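For reference, the structure is listed below as structure tokens.
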Amino acid sequence: MKKVNRTSDSGERDTMRPEYDFSGAARGRTAGRYAEGTNVVVVGRDVLDVFPDGIAVNEALRALAPVIRRRRKMGKKVSRVAARN
């Protein structure tokens, strides 16, 4: 294993650990998906049996979205349920 220079030319300390190996990485592989925009949501453990993956979550949200949109048009407030741990 070759020695790694732990400081950059500007004098800043390099925090990259020697065990990290990016030699097989491809730069920009996921850039297109990132540019499209993504929201990450953590699903509560109590509903993982119902929503095992992103597909199940999106199907449920697409079914619920028209109801929420209708209520908003009618001027009714859509309540938010408190987050569970």
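Tabulated data for the structure shown
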{"read-out": "Selection from segment 7-23 of residues that are in a strand (DSSP E or B) and at pLDDT 80 or above", "value": "R13"}
{"read-out": "Close pairs from segment 56-85: first under 15 Å from V41 (Cα atoms), partner modelled with pLDDT of 90 or more and not in a helix (DSSP H, G or I), Cβ under 6 Å, at least 6 apart", "value": "V57/F51; R84/G44"}
{"read-out": "Selection count, segment 33-55, where residues are in contact (Cβ under 8 Å) with a residue 24 or more places away in the chain and of a type in the set (G, A, S)", "value": "1"}
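The values are calculated or read from the model by the stated rules, or taken from the named source; none is laboratory data. Fair warning: this is a prediction, and the values are worked out from it, not measured in the lab. Here the Cβ is made from the backbone with ideal geometry for all residues, glycine too, and neighbour counts use every protein chain on show.
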